[in-house]
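Below: one structure, written as structure tokens.
The values are calculated or read from the model by the stated rules, or taken from the named source; none is laboratory data. Worth saying up front: this structure is predicted, and the values here are computed from it rather than measured. Cβ coordinates were reconstructed from backbone atoms using ideal geometry, including for glycine residues, and neighbour counts include every protein chain displayed. The area values use the complete protein model at the heavy-atom level, side chains included, leaving out ligands, DNA and RNA. Shrake-Rupley method; radii C 1.70, N 1.55, O 1.52, S 1.80 Å.
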Amino acid sequence: MPRSALAVCLLLLLGMAHARQYLCVNLAPGQEWNQDRPQSVTPALLANIAKTIGTAGNANLGLCVSFLLSVLQTPTPVLNATLSAILAASAATNISVAIGIDGQNWWEARPDLWNWWDPARPGYNPSNIANVEWTDFARGSNTSGPGIKISWRDWGSQIRVAPGQNIHSPAVRAATTAGALPLFSTIAAWSRREELLAGVVVGWETGIGVNAYYYPDGNSFEERYPDDASHDPNHPFRPEDGITYGFQQLGFAAATAAGLRAPGDTRPLAAADIAVLSQWTLANLTRLARLAGVPTNRVFTHLGGNDPPYSLHVPFSAAFTPDSSPGWSFYRTTPNNIAEIGQQMAAAGRTTWAAVEWWLPGSGSQADWTASLTATLRFLSCHMTLIFNWESIAAAAPALAALQVLLATWHIEPTVA
């Protein structure tokens, strides 16, 4: 038997003995709850979800409600109070929760980190150019590259966001650590009730230039139309263009700050470079979770930038860190249809993983929901699958029917690669 086939067979055998799995629904931030308002999280919030579905699961598959916390958007004491309310609601209802911790996507509340260009705005400091991404390396006598003043995000429709973050800036890392560490400590103190902690997801599609992309000459739109997005360019992602997705290449600030490129080394960045920079960020954060006392078997990364054609993008293996299991997003297909995941998991000797952001790639029938969720949950040792978002399925009868049956009848079977 070829060695690669033997490795996959061993992974399948190991996957037969996995523990309880979780089927989670993510509550979209700012809708039924708000991280700025601890009182918005109540036991009724969780109980109503279980009531709507009709069950909280069985011994093999538990219902889970997931929450995403953005550590640079809310004062840490307030955010920690919101986290405590989430954990208290879980204990009161006996419904498991998953907690996402991210410091990259939303940092509009921290102009003291990103405003390097406008003295009329709060937080202005020219040195903040080191905290945002650049469109090129520093050249000549310059100490920084060309910094960006704006970025865009498309999670259904394009919006303006704060400039893309230099994920390896010492100031950004320090601020993220200051916001995340108290949350990890709170989770660690509570995690003795391990069955209620489905998982801790670190990052939110961690990467560069995907969820905060930048158009060529993008700064001009911020300069000419600071409060008017109607003039902004708007074109779809082009994964066939590789790591730029058809936008301006970023990552030069992160590569410089992380020491991935020495001064004067201005070689173009490749997918392997973005992978290393993303993986190092996830490794730093998952190490922080471990040091705070969060059980490593409950920590999962959330890597972004994995798109077909997969050979042109960040490999799935960039989600691997010593203190966690990997996690990825799935919108186009289920993981059993992506050969690269099984191959890279086998090569690393890993079995446990999570679908930390998932949506149905089908017509929406109950049969489609059942088949797609089953394929995901039975791929290797899937610990949990997080459906994004609850608000999109709360009134969808086919989805609710599929969840009810799966949660009530799920049993352990040999996994399928």
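Residue count for the range 170-190 satisfying the condition of being over 15 Å from VAL132 (Cβ atoms) and open to solvent by less than 50 Å² (accessible area, probe 1.4 Å): 9. Take the conditions (1) surrounded by 18 or more Cβ atoms within 10 Å (Cβ to Cβ); (2) not in a strand (DSSP E or B); ALA354 misses just one of them, which is (2). For the range 323-330, the count of residues that are acidic (Asp, Glu), without any contact (Cβ under 8 Å) to a residue 60 or more places away in the chain and assigned to a helix (DSSP H, G or I) is zero. When we screen LEU68, LEU63, LEU79 for residues that are of a type outside the set (Gly, Ala, Ser), touching a residue at least 12 places away in the same chain (Cβ under 8 Å), touching a helix residue (DSSP H, G or I) at 6+ places or on another chain (Cβ under 6 Å) and at negative phi, the only hit is LEU63. Candidates are the residues of the range 281-315 that are small (Gly, Ala, Ser) and outside any helix (DSSP H, G or I); the one that is most open to solvent (accessible area, probe 1.4 Å) is GLY293. Within the range 200-249, the residues that satisfy the criterion of being free of Cβ contacts under 8 Å to residues at least 24 places away in the same chain and among the hydroxyl-bearing types (Ser, Thr, Tyr) are SER220, TYR225, SER230. Taken over the range 77-89, the criterion of being over 20 Å from the mean Cα position of the chain (by Cα) and open to solvent by 10 Å² or more (accessible area, probe 1.4 Å) is satisfied by PRO77, VAL78, ALA81, SER84, ALA85, ALA88. Please determine whether any residue of the range 151-169 is touching a Gly at 6+ places or on another chain (Cβ under 8 Å), aliphatic (A, V, I, L, M) and either open to solvent by less than 10 Å² (accessible area, probe 1.4 Å) or part of a loop (DSSP other than H, G, I, E, B) (or both). No - not one qualifying residue is present in the range 151-169.
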